[in-house]
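J.: My structure is below; once you've seen it, I'll send some questions.
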Amino acid sequence: MLRKAAVCSVVAAMAMAMTGNSASASEMRQGIEVFGIGRFMTGDDTRFDAESPFDGEAGFDVDPSFMLGAGFGINFNAFINLNFTLAGGPCDFEYINLGEIVIEDGTIVTGDVNLDLYLIDGPVTPFITGGIGFVSTNGERRGDGEGEDVGETNPAGNFGGGVRFDFGDHLFMKLLYRATLTTLEDAADNLLFHSGGVAVGWRF
């Protein structure tokens, strides 16, 4: 019942945005906005090269993680938005070395500067996005080398898209997907993260 009620509430809110607001986005979508974001993030696996401490016999896998964050954006007009986001959460990382799994219980933090391009001048619009930033992973190793603090921060690029809903003059919501590409020290391949989430914010 609670899940059904929540779905009905979201559908009703979207309907209000599409039918109850006749103002154009060029009138509403202006100035500075702040937002909170929750997103679910997971990563593809990668392998280390022959010069790594694992001598090329190890893989690296990122377990799914739920992240919370916040950010702010600047609307230049109804179609262009520059935004800054910082998010983080707990995450497990698995180094797979010669059949033995070494697990780090750690955290992942991402920072992004993105340019969103809205495709429609209206209260509901799809958008595409791209940007640059960083991915930081750190934690305490278990198993082989237990107790050792490990971590690194690397530059990243991302791209994606979603849908934006403007509920009147101030409140808005974004449903979004991003693919984030980064690399690890001594890795043979790039590491690709996938994330989907919801951002809710307020325009000033």
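J.: Using 0.36 nm per residue of separation minus the Cα-Cα distance, give me the extension gain between Thr42 and Ile80 in nm, one decimal.
T.: Here the segment from Thr42 to Ile80 would lengthen by 10.9 nm.
J.: If you don't mind, there's one more thing I want to ask. What is the packing order of peptides 151-160, 35-44, taking the mean over residues of other C-beta atoms within 10 Å and listing the highest first?
T.: 35-44, 151-160
Read-outs: derived from the displayed coordinates by stated rules, not from any lab. Quick caveat: nothing in here was measured; it's all calculated off a predicted structure. Here the Cβ is made from the backbone with ideal geometry for all residues, glycine too, and neighbour counts use every protein chain on show.
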